[in-house]
Amino acid sequence: MTFDRAVVPESRARLRVEIAIVLGLSLGASAVYSIVSIVNRLTQRTALSQQTATLNSSLSDRAVFDLIYQLLSVLFDLVPVALVAFLLWQTGRPHLARLGVDFSRSGRDVLGGLGLALAIGVPGIGLYLVGKALDLTVTVVPTDLSQHWWTVPVLVLSALRAGLTEEVIVVAYLFARLRDLGWRPWTIIVGAALLRGSYHLYQGFGAFVGNVVMGLVFGWLYTRFGRVLPLVVAHVVMDSAVFIGYPWAAATFPSFFGLPS
């Protein structure tokens, strides 16, 4: 699979503007807010490990409107994914080849994603524990949603949003466009990994390091195989397990999450 593509000099400035707009509408903006957030946390008297970051919160105290707001949030957060698909759409099949999407080996991609989820997810838990012990990571609360019939589906949708947004934009789209600008493979991998880490900084430095490592692994795999679906599957599986398993885990191991027993 080749990714080489000639870009005339006049187009480079346009590509840089396009990248800035895409990131400004999505994870680039998240990175800026995250950096401000960690500065805010570090300048408080409360230790970092005693502070809390909640990933999925209720958006209304009325269940039906909470559901509506949750669904709207997922829908509009996926618009930048649709944007990059539109920008890199090719007239010939497979239309999304430049994003590493062709569905020709979906079964193998899914299995690879499941294996990758185990390989990345288990060490990630250990890194979280180390970060908490060293006061480098905040207490992460995956969800504080009330229990409704729609809670689990919404959490799965939230995991899907994260998987699609991060892997399609930070890996597939950014790799394609930075190649167009003539960046070398490892420069792209490291740059994208640092971006991934930066928009997780609001969770502390342990999350930054963990996500940089994850970004390096995912970036290498994408450069090697050119397929984004395994990365999306791995990300969705990991987040779904954390989001859905949190209520049980918090009740069983309250001290792990900084909760009263």
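Alpha carbon centre of the range 45-69 versus the range 94-171: separation in Å?
The distance from the Cα centre of the range 45-69 to that of the range 94-171 comes to 19 Å.
Taking other Cβ within 10 Å of each residue's Cβ, how do Asp61, Asp102 sort, fewest first?
The fewest-first ordering by Cβ neighbours comes to Asp61, Asp102.
Quickly work out the Val17-to-Ala29 label distance, labels modelled 7 Å from Cα along the C-beta direction, and quote it in nm with one decimal.
Placing both labels 7 Å beyond Cα along the Cβ direction yields 2.0 nm.
What order do you get for Ser37, Ser60 when you list them from fewest to most C-beta neighbours inside 10 Å?
Ser60, Ser37
Per residue, how big is the convex hull of the range 108-261 when only Cα atoms are used? Give it in Å³.
Hull volume over Cα atoms, normalised by residue count, gives 109 Å³.
Read phi for every residue in the range 111-122 and hand back ³J(HN,Hα) as whole Hz from Karplus 6.51 cos²θ - 1.76 cosθ + 1.60, θ = phi - 60°, with x for Gly and Pro.
So the J values, rounded to whole Hz, are 4, x, x, 5, x, 5, 4, 5, 5, 8, x, 5.
What does the helix-only formula give at 222 nm for the chain: each DSSP H stretch with n ≥ 4 adding -39500 (n - 2.57), the total divided by the residues, and the result rounded to the nearest 500 deg cm²/dmol?
That comes out to -21000 deg cm²/dmol.
Equivalent ellipsoid semi-axes for the chain, as square roots of 5 times the alpha carbon gyration tensor eigenvalues: give them largest first, rounded to whole Å.
Calculated on Cα positions only, the semi-axes equal 32, 21, 18 Å.
Determine by what factor the alpha-carbon radius of gyration of the range 28-161 differs from 2.2 N^0.38 Å, reporting the quotient.
Rg over 2.2 N^0.38 Å, computed on Cα atoms: 1.34.
For Val141, which sequence-distant residues (separation of 5 or more, or a different chain) have an amide H within less than 5 Å of its own amide H, given hydrogens modelled in the peptide plane?
Result for Val141 returns Ala53, Thr54, Leu55.
Coordinate-derived values only; no laboratory data. Everything numeric in this text was worked out from a predicted model, so none of it was measured. So basically every Cβ, Gly included, is an ideal-geometry build from the backbone, and we count neighbours across all protein chains shown.
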